[in-house]
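Below: the structure, in structure tokens.
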Amino acid sequence: MKLLKKEALPKLFEKINSADKVIYAPVENHGQLVYRRVSAYDEVKKDYIQTVQSAKYVVFPKIEKLLDYQNSKDGTSLSEAVIDELPEIVLFGVRPCDAAGFDVLKAVFTWDFNDKFYIERAKKLTIIGLSCSKCDNECFCTSVGLNPGSTKGSDILLTKNNEGDYLAEIVTDKGQAMVSLCTDLFSDHKDDNKENYLTKVPVKFEKDAAIEKSTKSFENEQIWFDQAMRCLGCGACTYVCPTCSCFDIQDEGTSAKGIRYRCWDSCGLSQFTIHTSGHNPREEQSQRWRQRILHKYSYQPERLQVLGCVGCGRCSRSCPVDMNIAEHVETIAEIEL
Amino acid sequence: MKKENIYLPYLMRIVSVREEAPEVRTYRLQFENEEEGNQFEFQAGQFGEYSVAGQGESTFCIASSPTRKGYIECTFRKTGRVTAALADLEAGSFIGFRGPYGNIFPIEEWNGKNLLFIAGGIALPPMRCVIWNCLDLREKFKDFTILYGARTVNDLVYKHELKEWEERTDVNLVTTVDPGGQTEDWKGEIGFVPTILDKMAPKAENTIAIVCGPPIMIKYTFPILEKYGFKDENIFTTLENRMKCGFGKCGRCNVGKVFVCKDGPVFTLAQLKELPAEY
């Protein structure tokens, strides 16, 4: 373990900048806390629980160009979007839940078919996580196998101690490479325990029970109906989610030239699965709610060996009708089979 | 050959166009890049994403047999934005094609069996691929029966091939149209596909049934097959869920733990019964 003094942080940012890397960090933006590109440490929000939106867009942008097309009288040409010239990105201040969320995206985008767009972006990303000393009622990382100091997904994990300095765990080679940029800022540190500085997030449900019971409750129409009764089908939960990765592919342009792109989509929207004929395999909102829960708690654990929920609580905070995912999964985990 | 950018289609030239039925066309497509064409391989049952630049992509099967080299064919009905744009094209035009995706009909496991193909309407195209594939290996199979129905005589697709199959002595072809859909000179059956199937009293022993059609036809066809003793694992069909990517990422065709684009589109009735009915 290393120690990074609080006075060293502005210098760390300078070092990263001078190494031609771009830094994204939580900033206050017109009253909302969001990840944005920053140039200096003083722009970074210091005291926060969670950003409104996740940082997933760094590897999975809301809109990603896939190709350019050109039609002319001589024919059609399709040229792939150039992704190789991206800058190296350092994501600073990512909460452990969000850092773990990147593992879910990796599982989806490298499952059998390798998604070059994700891979190129992820390759150039270094994540400096920041443990949580505070939580709110929506946080439930401890229910999904994580905790306020998990290193999963982070390249370096920082934990703020009582003096305001940071315990630094160098988790990966990428993290080590980052430290190598400025070894003088990191001093050796012993006989300390990060647990002393972490918040306590109450466990709301048993992870394994949630996986087992949700898997076996597909046909329990009543529970999905009851839970989704007030769901508006607005898709806000998927938009803010650090692991939701369903997307649409569309063309935009004139008949002469334009682009094909992919953009975020949502299983909560009624048009997501509708056939051209009008037939919709998920006709009811309760079926769409069930899809979101089971995709994360049943299908992804079985098919990709990852739990598709990291307990960040964003969907609960953003829901306009106050649906709380932790409470709903808790209900499912406690079903008597 | 897997492309590095899995979203970048092959550029295909339409080499010929055939009008099959009202609003239904077949395009024969050749790879603009000859090397890509030489390396391209697929198996019966697989599908692709066909696109018109500027209009988007649409999912349908490869309708030609993998035993016929040098080209692929697709048959589509003009229904949405992309198929409407496709329908406006003529020979010489270019389209995009990504694929092949999905699983296959296990034709090799059908050696020595009777084959019973049951198709309705615009669902003959996904079956045509496997029919021709099996006909090109005809000596491997015993009885070869095709039951094909459409709403009206005019709606029957591949009319020239129906005629060819009818003339073959090693194929038993039964065509039918819905009551009221017949013409004066119609010589085939009149009645819905399940009704005609019942009348045919198919024998289940050593027989594989392949069923493709609109959901309502499939719904009433399975019980007839079951009535004659067909086992669930000997009944094959394809699912047609909406798709965007074709390779298990966009999330759209997820039915339970299954991705139709990767684990399908070919399923046995036994497999379908394990799935939630979200298709």
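Condition check ((1) under 19 Å from the mean Cα position of the chain (by Cα); (2) open to solvent by less than 10 Å² (accessible area, probe 1.4 Å); (3) within 27 Å of B:GLN43 (Cβ to Cβ)) across all residues:
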| position | (1), (2), (3) |
| --- | --- |
| B:TRP110 | yes, yes, yes |
| B:CYS129 | yes, yes, yes |
| B:ASN133 | yes, no, yes |
| B:GLU167 | no, no, no |
| B:ASP185 | no, no, no |
| B:GLU189 | no, no, no |
| B:ILE208 | yes, yes, yes |
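Listed by position, the strands (runs of 3 or more DSSP E) contained in the stretch A:69-160 that have at least 2 residues being closer than 16 Å to A:VAL59 by Cβ and either at pLDDT 95 or above or not charged (D, E, K, R) (or both) are A:88-94, A:125-130.
Residue-level check: of (1) of a type outside the set (Val, Ile, Thr); (2) within 14 Å of chain B (Cβ to nearest Cβ); (3) open to solvent by less than 50 Å² (accessible area, probe 1.4 Å), A:ALA19 misses just (2). A single member of B:THR79, B:THR83 is at pLDDT 95 or above, within 12 Å of chain A (Cβ to nearest Cβ) and either outside any strand (DSSP E or B) or under 14 Å from the mean Cα position of the chain (by Cα) (or both), and it is B:THR83. Please work out if B:THR67 is part of a strand (DSSP E or B), more than 10 Å from chain A (Cβ to nearest Cβ) and among the β-branched types (Val, Ile, Thr). No, not satisfied. Residues of the stretch A:103-126 that are without any contact (Cβ under 8 Å) to a residue 40 or more places away in the chain and under 15 Å from the mean Cα position of the chain (by Cα): A:LYS106 alone. Residues in the stretch A:173-222 that are small (Gly, Ala, Ser) and within 14 Å of chain B (Cβ to nearest Cβ) were compared, and the one that is nearest to A:SER131 (Cα to Cα) is A:SER214.
Scanning the stretch B:9-43 for residues that are within 14 Å of chain A (Cβ to nearest Cβ), open to solvent by less than 50 Å² (accessible area, probe 1.4 Å), in contact (Cβ under 8 Å) with a residue 40 or more places away in the chain and not in a strand (DSSP E or B) yields a single hit, B:PRO9.
Go through (1) among the hydrophobic types (A, V, I, L, M, F, W, C); (2) open to solvent by less than 60 Å² (accessible area, probe 1.4 Å); (3) more than 24 Å from the chain's Cα centre (by Cα) one by one and return the number of the condition A:MET229 breaks. If we test A:MET229 against (1) among the hydrophobic types (A, V, I, L, M, F, W, C); (2) open to solvent by less than 60 Å² (accessible area, probe 1.4 Å); (3) more than 24 Å from the chain's Cα centre (by Cα), just (2) comes out false.
Of all the numbered requirements in (1) touching a residue at least 24 places away in the same chain (Cβ under 8 Å); (2) open to solvent by 50 Å² or more (accessible area, probe 1.4 Å), A:ASN193 misses one, and that requirement is (1). The number of residues in the stretch A:232-255 being surrounded by fewer than 17 Cβ atoms within 10 Å (Cβ to Cβ) and in a loop (DSSP other than H, G, I, E, B) comes to 5. Taking the stretch A:35-56 as the range and being out of contact with any Lys or Arg (no Cβ under 9 Å at 6 or more places or on another chain), open to solvent by 50 Å² or more (accessible area, probe 1.4 Å) and touching a residue at least 12 places away in the same chain (Cβ under 8 Å) as the test, the residues that pass are A:ARG36, A:ARG37, A:SER39, A:ASP42, A:LYS45.
Considering the conditions (1) farther than 16 Å from B:TRP132 by Cβ; (2) surrounded by 19 or more Cβ atoms within 10 Å (Cβ to Cβ), B:LEU89 is excluded by exactly one of them, (2). Residue count for the stretch A:151-170 under the criterion of being under 19 Å from the mean Cα position of the chain (by Cα) and open to solvent by 40 Å² or more (accessible area, probe 1.4 Å): the result is 2.
Restrict the check to the stretch B:197-205 and report whether at least one residue is open to solvent by less than 10 Å² (accessible area, probe 1.4 Å) and farther than 19 Å from B:ARG18 by Cβ. There is at least one residue in the stretch B:197-205 that is open to solvent by less than 10 Å² (accessible area, probe 1.4 Å) and farther than 19 Å from B:ARG18 by Cβ. Filtered by the rule that a residue be touching a strand residue (DSSP E or B) at 6+ places or on another chain (Cβ under 6 Å), of a type in the set (Gly, Ala, Ser) and either open to solvent by 50 Å² or more (accessible area, probe 1.4 Å) or more than 7 Å from chain B (Cβ to nearest Cβ) (or both), the stretch A:256-282 gives a lone residue, A:ALA256. Per the listing A:SER143, A:SER72, A:SER133, the residue uniquely within 14 Å of another protein chain (Cβ to nearest Cβ) and hydroxyl-bearing (Ser, Thr, Tyr) is A:SER72. Inclusion of B:VAL24 among residues that are under 16 Å from the mean Cα position of the chain (by Cα) and β-branched (Val, Ile, Thr) is warranted. Residue count for the stretch A:246-284 under the criterion of being over 22 Å from A:GLY233 (Cβ atoms) and charged (D, E, K, R): the result is 4. Of all residues in the stretch B:44-54, exactly one satisfies the criterion of being part of a loop (DSSP other than H, G, I, E, B), more than 13 Å from chain A (Cβ to nearest Cβ) and over 22 Å from B:LEU156 (Cα atoms), namely B:GLN46.
A Cβ distance below 7 Å, combined with a sequence gap of six or more or placement on separate chains, defines the contacts here; from the stretch B:75-101, residues that are within 12 Å of B:PHE31 (Cα to Cα) reach residues that are assigned to a loop (DSSP other than H, G, I, E, B) and of a type in the set (Gly, Ala, Ser) in the pairs B:GLY96/B:ALA53; B:ARG98/B:GLY246. Annotation: A:SER318 fulfils all but one of (1) over 20 Å from the mean Cα position of the chain (by Cα); (2) more than 14 Å from chain B (Cβ to nearest Cβ); the unmet one is (1). Checked against (1) part of a helix (DSSP H, G or I); (2) touching an Asp or Glu at 6+ places or on another chain (Cβ under 8 Å), A:PHE272 meets all criteria but (1). Can you say whether B:LEU272 is out of contact with any Asp or Glu (no Cβ under 7 Å at 6 or more places or on another chain), open to solvent by less than 50 Å² (accessible area, probe 1.4 Å) and over 30 Å from A:LEU66 (Cα atoms), as far as the supplied structure shows? So B:LEU272 passes the test. Every test in (1) open to solvent by less than 80 Å² (accessible area, probe 1.4 Å); (2) out of contact with any helix residue (DSSP H, G or I) (no Cβ under 7 Å at 6 or more places or on another chain) is passed by A:GLU14 save one, and that test is (1).
The values are calculated or read from the model by the stated rules, or taken from the named source; none is laboratory data. For clarity, every value in this text was computed on a predicted model and none was experimentally measured. So basically every Cβ, Gly included, is an ideal-geometry build from the backbone, and we count neighbours across all protein chains shown. Quick note on the areas: whole protein, heavy atoms, side chains included, nothing else; ligands and nucleic acids left out. Shrake-Rupley method; radii C 1.70, N 1.55, O 1.52, S 1.80 Å.
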